[in-house]
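Asker: Please read through the structure below; I'll follow up with questions.
The values are calculated or read from the model by the stated rules, or taken from the named source; none is laboratory data. These figures come from a predicted structure and were not determined experimentally. So basically every Cβ, Gly included, is an ideal-geometry build from the backbone, and we count neighbours across all protein chains shown.
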Amino acid sequence: MADLQINSESVFNFEQCLKCSVCTVYCPVSAVNPAYPGPKQAGPDGERYRLKNPVFFDENLKKCLNCKRCEVACPQNVKVGDIIQAARMKYSTHKPSLRDRILASTDFVGTMANRFAPIVNMTLAMGLTKSVMHSTIGVDKHRQFPAYSSKRFETWYKRNAKAQQAQYDKQVSYFHGCYVNYNFPKLGQDLVKIMNAVGYGVQLLEKEKCCGVAKIANGLYDQAKKHGNINIDSIRKAKEEGRVTLATSSTCCFTIRDEYEHILGLEAGDVRESMTLATRFLYHLLDEGKIKLAFRSDYKKRVAYHSACHMERMGWVFYSTELLKMIPGVEFTMLDSQCCGISGTYGFKRENYETSQAIGAGLFKQIKDLAPDCVSTDCETCKWQIEMSTGVPVENPICILADALDVEETIKLNS
Amino acid sequence: MKFNTIIIGGGLSGLTAGLALQKAGKRVAIVSMGQSTLHFNSGSFDLLGYDAQGEAVSNPLEVIATLDDNHPYKKCGDVAALAEEAKALLTESGVKVAGDAKANHYRITPMGAVKPAWLTITDYATLAEADKLPWKKVALVNVIGYLDFPTKFIAAGLRRLGAEVDVKAFTLPELETARKSPSEMRAANIAKVLGNEDIVKRMAAAVNEQTEGGNYDVVLLPAVLGIADSALSQQLKANVNCQVQFIATLPPSVPGVRVQNLLRKRFIAGGGVHLTGDKATGGVIENGTLKCITTENLTETCLKADNFILASGSFVSGGLTSNYEAVTEAVLGLDVDAADEHGQWVKYNAFEAQPYMEFGVATDGELHVKKDGKVINNCYAVGSVLSGHNRVKMADGTGVSMLTALQAVKNILK
């Protein structure tokens with residue numbers, strides 16, 4: 001307390017705000033949706049009132065994407081986004097609807113959908129289903145659901161990869177997330193392919209639950225906490241056994257590292273540094289000369305990189321882009337850093353569709369003008385949004401790396 | 001992950017240094033915590049607006065030669081050449097500016113005052129002399145509901161100089177929608193609303209409707225167009241039937257954000273590493289050399305470089321901090337020039353020259369920083385973090401930012 005006095009700091013982070021209004025320049029929502037009060041008003045300004053009297057809480061705060069671009073912009077380290085999320089948790093009386101619960105339960109829905117994947121995919125793609133979902137539960141009819149895979153990543157791993165992993169001296173754990181497990185096992189397979197080629201075995205976590213980002217966004221906090229603790233325990237166990245845990249989704253990684261503590265109040269500080277993004281892990285191994293990569297001479301691709309909001313917040317765009325630039329056949333362009341508008345489940349909601357597309361409009365135009373062979377980004381929901389809105393395919397940097405890799409040559413270099 | 005130079009700070013001075021080093025073929029990283037004070041830019045750049053007595057300067061180069069030895073310009077070798085280089089760097093990056101280091105012109109502030117300037121973005125209203133407007137009949141046209149452009153003050157300022165001013169306002173359906181959130185009806189958000197060719201076409205028609213038959217010499221508009229570049233303001237000018245010029249608004253500043261966007265984009269396109277939103281937290285100094293710096297986001301590593309440039313800004317940007325006991329340089333705890341006694345930091349009259357404005361990092365003649373009295377031979381300070389000048393009283397802030405950055409680069413390349 002004496003230090004606080006000397007340094008004229010408050011126990012309330014919002015009091016670091018100088019009222020410079022710079023955050024308002026970078027809010028993707030307030031520029032297109034005037035119903036949202038903007039980061040300064042919703043965050044530090046509003047917090048002062050809410051502390052006086054909760055009646056000042058505004059349900060419009062749910063229009064915040066939790067993109068954290070306000071925090072990246074703030075020159076005084078005000079955690080604007082965290083303040084807004086915490087206020088929603090504390091004061092909102094809005095109960096999650098059936099639609100919110102379905103969208104938030106990426107794990108449960110995924111498990112069910114995998115079993116009947118061809119039927120589910122066909123049904124979800126039908127105009128009739130879309131319009132029924134649009135008018136009944138409020139999932140926007142314009143959205144394309146990511147296709148469900150008929151074989152889960154975990155199943156593939158157990159049948160096709162697990163046994164081979166023990167042969168490697170060095171080991172990592174992998175937090176695959178719902179998307180890799182239920183929709184796109186190839187990304188996880190690509191990671192295993194790369195890690196094995198450079199001499200690392202890949203283990204699954206003892207128990208993995210959905211990271212909880214969609215549950216936090218949809219107000220299912222208790223469930224998010226419960227799953228969060230299971231993930232923390234598993235990552236801790238891997239750490240104790242000497243394994244770093246890698247993720248291929250920037251949002252899963254960000255949620256576990258930062259949101260568990262800042263938003264959910266879970267004790268995750270001791271595992272924060274053993275949870276990282278695969279591109280960051282690989283970059284350091286390469287930088288320190290511990291591994292080498294060989295690339296196919298026939299691989300050619302014009303790649304434009306999109307900085308996902310949570311990637312930007314973690315400050316790790318550098319790692320993914322440097323890896324892509326290392327591939328001789330990649331012609332690299334950096335897209336302007338701006339939100340694509342989907343923000344996980346946000347853009348799937350009927351009431352948010354227009355806002356979502358308006359936010360992404362500038363990005364879509366830049367991509368269409370550039371017409372690259374593919375866009376690369378570390379976030380799966382950005383992928384859906386950009387693919388739907390531009391028609392340009394989107395790939396995770398790990399998939400590009402895996403496709404460009406000369407596996408046999410890489411194995412030789414690292415053995 | 002080794003760089004030729006790591007720059008701490010992504011504002012005007014950091015980006016200037018980054019681009020100049022890149023031009024010399026160097027691998028550069030910028031660590032940028034939060035956004036910069038370019039968000040408060042006036043659409044102009046100043047070299048030296050006022051002398052020590054507070055008189056407006058007409059020839060900055062002449063007066064710079066007479067400044068105190070502790071002014072940062074005294075550590076810049078050839079100020080005239082550096083000023084030319086700075087202007088060229090802006091132009092190459094797509095910031096079209098006009099102005100001359102030997103002859104200040106004047107800009108119009110959002111409060112209707114007239115102030116000296118060195119360079120001004122070409123679409124913005126300027127005066128060749130402080131008391132002479134280039135127009136007689138003026139239409140001052142605002143966006144309805146936009147409060148950061150106080151037209152009454154601006155009109156009064158223009159009338160004092162003899163202009164005949166009509167204040168007008170226009171709106172468009174999109175602007176009416178934006179207006180539903182009065183607290184977010186700011187310059188940058190309006191620029192996003194007015195962000196495509198179709199709406200600018202309709203904006204031009206709305207402005208024409210307001211000014212039709214008025215025989216105006218000029219239409220003056222708030223600077224709410226073109227966050228990315230000047231394309232939309234050019235389009236508007238082409239479609240309005242009368243000469244159009246812009247006046248800067250209260251912050252956030254659209255021209256300032258545009259300058260930053262253009263410089264940053266060029267830096268990244270040139271292969272520069274921009275660690276957006278990351279905070280330098282410390283460094284390892286051995287035998288008078290800064291070896292590496294740590295950052296908040298890249299926790300696993302200490303970033304190495306041959307040279308470092310501290311362009312972290314002043315108190316508002318967090319480059320300098322203060323408590324009740326001392327003024328401190330935030331990243332490395334470098335030596336600062338500051339009065340010891342807290343009572344000597346401020347003058348009671350807010351409009352007097354405030355002593356704290358001149359506080360900052362101490363440097364030697366080559367802009368090297370010091371720690372515990374010892375020079376760090378590969379670390380340079382540039383821009384607002386430097387001691388020895390008062391940018392409010394002397395209107396030399398952007399000049400110091402750009403010129404010291406270019407000088408530090410010369411010292412590195414030497």
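Asker: Quick check, is residue A:79 over 19 Å from the mean Cα position of the chain (by Cα) and either at the interface with chain B (Cβ under 9 Å from one of its Cβ atoms) or charged (D, E, K, R) (or both)?
Answerer: Considered against the rule, which asks whether it is over 19 Å from the mean Cα position of the chain (by Cα) and either at the interface with chain B (Cβ under 9 Å from one of its Cβ atoms) or charged (D, E, K, R) (or both), residue A:79 comes out as no.
Asker: Now, a different point. Collect the residues in the stretch A:224-272 that are aliphatic (A, V, I, L, M), farther than 21 Å from residue A:195 by Cα and in contact (Cβ under 8 Å) with a residue 40 or more places away in the chain, keeping them in residue-number order.
Answerer: Step one: of the stretch A:224-272, the residues aliphatic (A, V, I, L, M) are A:224, A:230, A:232, A:235, A:238, A:244, A:246-247, A:256, A:263-264, A:266, A:268, A:271.
Adding the requirement that they be farther than 21 Å from residue A:195 by Cα leaves A:224, A:230, A:232, A:256, A:263-264, A:266, A:268, A:271.
Correct list: A:224, A:256, A:263, A:264, A:266, A:268.
Asker: Being away from chain B (no Cβ under 11 Å), in contact with a His (Cβ under 8 Å, 6 or more places away or on another chain) and surrounded by fewer than 24 Cβ atoms within 10 Å (Cβ to Cβ) is true for just one of A:52, A:95, A:62, A:90. Which residue is that?
Answerer: Values: A:52 fails: in contact with a His (Cβ under 8 Å, 6 or more places away or on another chain); A:95 fails: in contact with a His (Cβ under 8 Å, 6 or more places away or on another chain); A:90 fails: in contact with a His (Cβ under 8 Å, 6 or more places away or on another chain).
Residue meeting the stated conditions: A:62.
Asker: Also, I was wondering about something else. Check the stretch B:113-131 and report whether any residue there is away from chain A (no Cβ under 14 Å), farther than 25 Å from residue B:59 by Cβ, charged (D, E, K, R) and not in a loop (DSSP other than H, G, I, E, B).
Answerer: Going through the stretch B:113-131, the residues away from chain A (no Cβ under 14 Å) turn out to be B:113-131.
This time we only want the ones that are farther than 25 Å from residue B:59 by Cβ, so: B:123.
From what's left, charged (D, E, K, R): B:123.
Now drop any that are not not in a loop (DSSP other than H, G, I, E, B), which leaves none.
Taking every residue of the stretch B:113-131 in turn, none turns out to be away from chain A (no Cβ under 14 Å), farther than 25 Å from residue B:59 by Cβ, charged (D, E, K, R) and not in a loop (DSSP other than H, G, I, E, B).
Asker: Now for a different question. For residue A:102, which of the numbered conditions (1) assigned to a helix (DSSP H, G or I); (2) within 12 Å of chain B (Cβ to nearest Cβ) fails to hold?
Answerer: For residue A:102, the failing item is (2).
Asker: Filter the stretch B:293-310 down to residues that are within 14 Å of chain A (Cβ to nearest Cβ), in contact with a strand residue (DSSP E or B) (Cβ under 7 Å, 6 or more places away or on another chain) and farther than 15 Å from residue B:273 by Cβ, then give me how many there are.
Answerer: Result for the stretch B:293-310: 3.
Asker: Going residue by residue through the stretch A:26-33, is there one that turns out to be at the interface with chain B (Cβ under 7 Å from one of its Cβ atoms) and at pLDDT below 95? Don't jump to the end; show me each part of the working.
Answerer: The initial filter retains those residues of the stretch A:26-33 that are at the interface with chain B (Cβ under 7 Å from one of its Cβ atoms), namely A:30-31.
Still in the running and at pLDDT below 95: A:30-31.
Yes.
Asker: Taking the criterion of being assigned to a helix (DSSP H, G or I), surrounded by 24 or more Cβ atoms within 10 Å (Cβ to Cβ), in contact with a His (Cβ under 8 Å, 6 or more places away or on another chain) and at pLDDT below 95, would at least one residue in the stretch A:216-224 satisfy it?
Answerer: no
Asker: Same structure again: Hey, any hits in the stretch B:250-266 for a residue that's basic (Lys, Arg), closer than 30 Å to residue A:43 by Cα and in contact with an Asp or Glu (Cβ under 6 Å, 6 or more places away or on another chain)?
Answerer: Checked the stretch B:250-266: no residue is basic (Lys, Arg), closer than 30 Å to residue A:43 by Cα and in contact with an Asp or Glu (Cβ under 6 Å, 6 or more places away or on another chain).
Asker: Just to verify a result, which residue in the stretch A:237-292, among those that are aromatic (Phe, Trp, Tyr) and under 22 Å from residue A:226 (Cβ atoms), is farthest from the chain's Cα centre (by Cα)?
Answerer: Here is the first cut: in the stretch A:237-292, the residues aromatic (Phe, Trp, Tyr) are A:254, A:260, A:281, A:283.
Narrowing the set further to residues that are under 22 Å from residue A:226 (Cβ atoms) leaves A:254, A:260.
Values: A:254: 7, A:260: 14 Å.
For the stretch A:237-292, the residue satisfying everything is A:260.
Per-residue answers, yes or no, for (1) crowded, with 21+ Cβ neighbours inside 10 Å; (2) among the polar types (S, T, N, Q); (3) within 11 Å of chain A (Cβ to nearest Cβ):
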{"residue": "B:174", "(1), (2), (3)": "no, no, yes"}
{"residue": "B:189", "(1), (2), (3)": "yes, yes, yes"}
{"residue": "B:199", "(1), (2), (3)": "no, no, no"}
{"residue": "B:203", "(1), (2), (3)": "yes, no, no"}
{"residue": "B:210", "(1), (2), (3)": "no, yes, no"}
{"residue": "B:215", "(1), (2), (3)": "no, yes, no"}
{"residue": "B:235", "(1), (2), (3)": "no, yes, no"}
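Asker: So residue B:111 passes all but one of these: (1) hydrophobic (A, V, I, L, M, F, W, C); (2) over 20 Å from residue B:217 (Cβ atoms); (3) touching an Asp or Glu at 6+ places or on another chain (Cβ under 7 Å). Which condition number does it fail?
Answerer: Going through (1) hydrophobic (A, V, I, L, M, F, W, C); (2) over 20 Å from residue B:217 (Cβ atoms); (3) touching an Asp or Glu at 6+ places or on another chain (Cβ under 7 Å) one by one, residue B:111 breaks only (3).
Asker: Determine, yes or no, whether residue B:96 is out of contact with any helix residue (DSSP H, G or I) (no Cβ under 7 Å at 6 or more places or on another chain) and away from every other protein chain (no Cβ under 14 Å).
Answerer: Values: out of contact with any helix residue (DSSP H, G or I) (no Cβ under 7 Å at 6 or more places or on another chain): yes; away from every other protein chain (no Cβ under 14 Å): yes.
In short, yes.
Asker: For the stretch B:99-114, which positions are surrounded by 19 or more Cβ atoms within 10 Å (Cβ to Cβ) and in contact (Cβ under 8 Å) with a residue 60 or more places away in the chain? Full working, then the answer.
Answerer: Of all residues in the stretch B:99-114, those surrounded by 19 or more Cβ atoms within 10 Å (Cβ to Cβ) come to B:99, B:101, B:104-108, B:110, B:112, B:114.
B:107, B:108, B:110, listed by residue number.
Asker: Of the residues that sit in the stretch A:301-323 and are buried (at least 20 other Cβ atoms within 10 Å of the Cβ) and away from every other protein chain (no Cβ under 12 Å), which one is nearest to residue A:287 (Cα to Cα)?
Answerer: Top of the filtered list is A:323.
Asker: Just for the stretch A:324-344: of the residues that are β-branched (Val, Ile, Thr) and part of a loop (DSSP other than H, G, I, E, B), which one is nearest to the other protein chains (Cβ to nearest Cβ)? Outline the logic, then answer.
Answerer: As a first pass, look at the stretch A:324-344 and keep what is β-branched (Val, Ile, Thr): A:327, A:330, A:333, A:342.
Applying the additional criterion that residues be part of a loop (DSSP other than H, G, I, E, B) yields A:327, A:342.
Working: A:327: 15, A:342: 19 Å.
Restricting to residues being β-branched (Val, Ile, Thr) and part of a loop (DSSP other than H, G, I, E, B), the top hit is A:327.
Asker: Here's a follow-up. So, in the stretch B:6-54, how many residues would count as being under 18 Å from residue B:269 (Cβ atoms) and either part of a helix (DSSP H, G or I) or away from chain A (no Cβ under 14 Å) (or both)?
Answerer: Taking the stretch B:6-54 and keeping what is under 18 Å from residue B:269 (Cβ atoms), we get B:7, B:10, B:14-30, B:32.
Imposing the further condition that a residue be either part of a helix (DSSP H, G or I) or away from chain A (no Cβ under 14 Å) (or both) reduces the set to B:7, B:14-26.
Count: 14.
Asker: Within 11 Å of chain A (Cβ to nearest Cβ), touching a helix residue (DSSP H, G or I) at 6+ places or on another chain (Cβ under 7 Å) and within 26 Å of residue B:1 (Cα to Cα) - does that describe any residue in the stretch B:248-264?
Answerer: Looking through the stretch B:248-264, at least one residue is within 11 Å of chain A (Cβ to nearest Cβ), touching a helix residue (DSSP H, G or I) at 6+ places or on another chain (Cβ under 7 Å) and within 26 Å of residue B:1 (Cα to Cα).
Asker: Taking residue B:278 and the conditions (1) within 12 Å of another protein chain (Cβ to nearest Cβ); (2) buried (at least 16 other Cβ atoms within 10 Å of the Cβ); (3) over 28 Å from the mean Cα position of the chain (by Cα); (4) not hydroxyl-bearing (Ser, Thr, Tyr), which numbered condition does it fall short on, given that it satisfies the others?
Answerer: Unmet condition: (3).
Asker: Any residue at all in the stretch B:329-348 that's of a type outside the set (D, E, K, R), within 14 Å of chain A (Cβ to nearest Cβ), under 23 Å from the mean Cα position of the chain (by Cα) and more than 29 Å from residue B:66 (Cβ to Cβ)?
Answerer: yes
Asker: Let me ask something else about it. For the stretch A:345-356, which positions are more than 14 Å from chain B (Cβ to nearest Cβ) and closer than 22 Å to residue A:24 by Cα?
Answerer: Taking the stretch A:345-356 and keeping what is more than 14 Å from chain B (Cβ to nearest Cβ), we get A:345-353, A:356.
Across the stretch A:345-356, the qualifying residues are A:346, A:347, A:352, A:353, A:356.
Asker: Moving on to the next point. Here are B:190, B:227: which of them is assigned to a helix (DSSP H, G or I), in the same structural domain as residue B:242 (by TED's automatic domain parsing) and not small (Gly, Ala, Ser)?
Answerer: Working: B:227 fails: assigned to a helix (DSSP H, G or I).
Unique residue meeting the criteria: B:190.
Asker: Taking only the stretch A:159-188 into account, find how many residues are polar (S, T, N, Q) and buried (at least 18 other Cβ atoms within 10 Å of the Cβ).
Answerer: Initial filter on the stretch A:159-188 (polar (S, T, N, Q)): A:160, A:164-165, A:167, A:171, A:173, A:181, A:183.
Now restrict to residues that are buried (at least 18 other Cβ atoms within 10 Å of the Cβ): A:165, A:173, A:181, A:183.
Summing the residues that are polar (S, T, N, Q) and buried (at least 18 other Cβ atoms within 10 Å of the Cβ) in the stretch A:159-188 gives 4.
Asker: Scan the stretch A:124-139 residue by residue and report those that are exposed (fewer than 14 other Cβ atoms within 10 Å of the Cβ) and farther than 30 Å from residue A:58 by Cβ.
Answerer: Quick first cut of the stretch A:124-139, residues exposed (fewer than 14 other Cβ atoms within 10 Å of the Cβ) only: A:125-128, A:131-132, A:135-136.
Scanning the stretch A:124-139 gives A:125, A:126, A:127, A:128, A:131, A:132.
Asker: If only one of A:377, A:355 is crowded, with 24+ Cβ neighbours inside 10 Å and of a type outside the set (Lys, Arg), which one is it? So that I can check it myself, show each step before the final result.
Answerer: Working: A:355 fails: crowded, with 24+ Cβ neighbours inside 10 Å.
After ruling out the rest, the residue left standing is A:377.
Asker: Give the residue that is nearest to residue B:357 (Cα to Cα), with candidates limited to residues of the stretch B:311-321 that are at the interface with chain A (Cβ under 10 Å from one of its Cβ atoms) and surrounded by fewer than 24 Cβ atoms within 10 Å (Cβ to Cβ).
Answerer: Among those that are at the interface with chain A (Cβ under 10 Å from one of its Cβ atoms) and surrounded by fewer than 24 Cβ atoms within 10 Å (Cβ to Cβ), it is B:315.
Asker: Between residues in the stretch A:18-36 that are without any contact (Cβ under 8 Å) to a residue 12 or more places away in the chain and of a type outside the set (Gly, Ala, Ser) and residues that are surrounded by 24 or more Cβ atoms within 10 Å (Cβ to Cβ) and assigned to a helix (DSSP H, G or I), which pairs lie under 7 Å by C-beta distance while being six or more apart or on different chains?
Answerer: What qualifies is A:34/B:178; A:34/B:184.
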